[in-house]
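What follows is a single structure, written as structure tokens, with notes after it.
FYI, it's all coordinate maths here, none of it is from the lab. Note that this is a predicted model, so its numbers are computed, not measured. Note: ideal-geometry Cβ built from the backbone for every residue, glycine included; neighbour counts use all protein chains shown.
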Amino acid sequence: MLRKLALITLSLTLFATTARAQFYLTGDDPARARWNHVETENFKIIYPQGLDSLARVYGRELEMWRTPVGQSIHYLPGEYTRGKMPVVLHPFNSNSNGSVAWAPHRVDLYTQPDAYPFMPLSWDRMLAIHESRHVAQMQFGLTGALRPFGWFFGEMINGGASGLYGHFSWMEGDAVIAETALTNSGRGRTADFLNYFRISFDQGEMRNFSRWSHESQTRYIPDKYALGYLMLSGFRYWYDDKDFMGNSFEHYARMPLDITNFYETRRVAGKMLRHAFAEVADSMAVHWKSELDERAPFMPMEQVTGTKRGFTQYSGLTEMGGDIYAIRKSMYRSPQLVRIDASGKERALRQFSAVSGGLRSDGERLWWSETVDGPRWDMENRSSLRYIRSRRHPVSLTRKGRFFNPSPNADGTKVISAEYADMGGTMVSIVDVDTRERHCIRMPDSLQVTEAAWLGEDRIFAIAISDSGSGLYELGDAAGKSGWRTVLAPQPIIMADLSSRDGELMFTSDRTGEHELYSLDPDSGTV
């Protein structure tokens with residue numbers, strides 16, 4: 001019996017086959033999707049049927065940015081992977097994002113553009129640069145002294161090496177630096193990205209790196225993207241080291257036993273990480289303070305709500321019936337729709353989705369857009385136009401498709417919004433509130449509409465994003481009559497919160513480095 005068992009074991013060892021399995025899952029796309037692929041020189045683009053044009057766009061962008069993305073990190077995307085790097089396009093998910101995974105190695109791109117834009121850059125270009133940088137970062141686990149581990153542990157070792165040696169904030173901050181340095185936009189150029197640090201430093205809250213990077217039940221921290229960008233861009237500027245991440249990864253590939261994460265900090269700054277970060281933070285606090293002094297004096301303010309025990313954030317504020325409505329979220333509660341009366345008293349009206357648009361009012365209804373998860377597939381969801389009247393339950397005006405940032409007309413009979421299609425392309429949709437009939441104005445392929453607004457009874461204006469930045473356009477009227485013209489040419493700045501008042505358009509922009517409110521006479525062009 002033992003002889004037979006030994007013989008079977010020896011046979012299985014000699015004739016072993018390679019096992020292939022998914023170690024890291026992103027979720028399920030709809031089963032109705034049928035998949036095609038197209039290959040470029042270095043990438044294999046996998047996509048659902050019907051997205052041939054979009055697949056070619058991503059293939060072109062990935063190839064165009066491959067060398068610039070890899071230069072300062074000393075590794076090209078996909079340089080040490082076997083075969084061409086697979087890139088999977090997911091068009092059915094409303095949550096705009098992207099990810100890089102190993103086991104098996106691939107790039108997952110959620111192709112719907114961000115409808116609540118955090119930067120004025122085309123979504124395909126931003127994804128191509130940011131996610132390609134992550135692919136380049138993870139190449140070091142396939143080289144040097146780490147390479148033999150892959151013979152025994154497969155592709156899992158590369159993901160493990162990235163987690164062990166690459167601090168999450170370092171990896172994301174470095175990718176943000178890439179998207180900022182290689183374009184005229186990027187999160188590093190926007191006013192909001194480092195805003196929480198600016199306010200904290202101005203209030204004297206100078207935490208150490210550990211407290212900024214680790215979650216706390218008592219102290220709010222911004223996302224790791226902002227922390228990593230603050231630290232690494234500070235090293236690049238104050239210590240004049242643009243190859244910090246590349247030198248770090250090359251060092252760990254040669255000496256994998258050095259897992260302190262402090263080596264390159266000592267080499268560049270001559271001090272430990274916590275001291276180097278403190279020096280960067282102090283320098284930025286002085287810089288930001290000088291900017292504030294130049295902008296003074298400021299408009300007077302009045303605090304409407306009481307001071308909360310923990311961090312609380314309000315967004316999407318609008319006024320209706322003498323009350324202020326806002327989306328409130330904190331460290332202790334999921335997002336909620338709240339009403340704030342003249343005395344500052346708050347009342348929670350309903351729970352809110354984690355992904356939602358700003359609030360708009362027509363005097364009787366309160367409008368917003370909200371992402372709703374699908375009942376079956378992880379990678380398929382929708383975004384609905386919703387409204388609430390008085391204290392009644394919310395009503396969904398749309399039950400299919402993806403609609404964002406609604407804006408009602410003066411009498412509340414029609415609502416206009418941005419609409420995104422699964423197969424690519426954006427449009428402005430005009431929906432009749434009573435009949436729910438819909439009329440669309442399609443945008444050119446080079447423009448991504450983010451929001452639209454009425455001026456008067458039927459003139460329609462929209463903010464749209466291209467590779468040149470955000471621009472303002474007149475599209476026509478509610479009857480479909482074309483009136484297409486450029487009102488404000490695109491610039492690499494954020495434009496948002498489009499509305500109308502007293503015959504003028506109102507919007508916010510960060511063109512000066514701060515978010516400020518602007519008014520525009522669209523006929524004279526006076527801003």
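Annotations
- Proximal lysines to K345, defined as alpha-carbon separation beneath 29 angstrom and excluding residues fewer than eight positions away on the same chain: K308, K329
- Counting only alpha carbon atoms, the long axis of helix 123-137 and the longest principal axis of the chain meet at about 20°.
- Whole-Hz ³J(HN,Hα) from phi, Karplus 6.51 cos²θ - 1.76 cosθ + 1.60, for the stretch 173-189, glycine and proline x: x, 5, 5, 5, 4, 4, 5, 7, 6, 8, 10, 8, 10, x, 4, x, 9
- Dipole magnitude (debye, nearest 20) for the stretch 1-165, charges at Cβ of Lys, Arg, Asp, Glu: 660
- Point-charge dipole on Cβ atoms (K/R +1, D/E -1) for the chain, about Cα centre, debye to 20: 2120
- In Hz, Karplus ³J(HN,Hα) per residue of the stretch 35-50 (6.51, -1.76, 1.60; θ = phi - 60°; x = Gly, Pro): 9, 10, 8, 9, 10, 10, 4, 10, 9, 10, 8, 10, 8, x, 4, x
- Within the stretch 355-434, trypsin sites (Lys or Arg not before Pro) in DSSP loop having at most 12 other beta-carbon neighbours inside 10 Å: R376, R391, R392, R399, K400
- Extension gain for the segment M255 to H393, taken as residue separation times 0.36 nm less the Cα-Cα distance, is 43.6 nm to one decimal.
- In the stretch 282-348, the trypsin sites (Lys or Arg not before Pro) that fall in loop regions by DSSP, at most 15 other Cβ within 10 Å: K308, R309, R333, K345
- Under 13 Å from a label point set 7 Å out along the Cα-to-Cβ vector of M320, the amide N atoms of the stretch 351-372 belong to 358-369.
- Helix-derived mean residue ellipticity, 222 nm - over the chain, DSSP H n ≥ 4, -39500 (n - 2.57), to 500: -9000 deg cm²/dmol
- Evaluated at q = 0.21 Å⁻¹, the base-10 log of the normalised Debye intensity for the stretch 43-91, with identical point scatterers placed on the Cα atoms, takes the values -0.76.
- In a simple Cβ point-charge model (Lys, Arg +1; Asp, Glu -1; nothing else charged), the stretch 402-527 has a dipole of about 300 debye relative to its Cα centre.
- Distance between the pseudo-spin-label points of F153 and E504 (7 Å out from Cα toward the beta carbon): 6.2 nm.
- Among E172, E250, E294, the order by Cβ neighbours within 10 angstrom, fewest to most, reads E294, E250, E172.
- Least to most buried among F403, F118 (fewest other Cβ within 10 Å first): F118, F403
- Derived scalar couplings ³J(HN,Hα) [the stretch 201-213; Karplus, 6.51 cos²θ - 1.76 cosθ + 1.60; whole Hz; x for Gly, Pro]: 5, 5, 8, x, 8, 9, 6, 7, 4, 4, 6, 6, 9
- Residue exposure sequence - M156, M301, M255 - by fewest surrounding Cβ within 10 Å: M301, M255, M156
- Shown here: P(r) over Cα pairs in 20 Å bins from 0, in percent, derived from the displayed model; of the candidates (i) 22, 53, 23, 1; (ii) 22, 58, 20, 0; (iii) 19, 51, 26, 4, 0, it corresponds to (iii).
- When peptides 53-63, 449-459, 28-38 are sorted by average Cβ neighbour count within 10 Å, with the highest value leading, the order is 449-459, 53-63, 28-38.
- Reachable lysines from K84, criterion Cα separation under 23 angstrom, eight or more residues apart if same chain: K44
- With the simple model of a label 7 Å out from the Cα in the direction of the Cβ, R211 to Y332 spans 2.1 nm.
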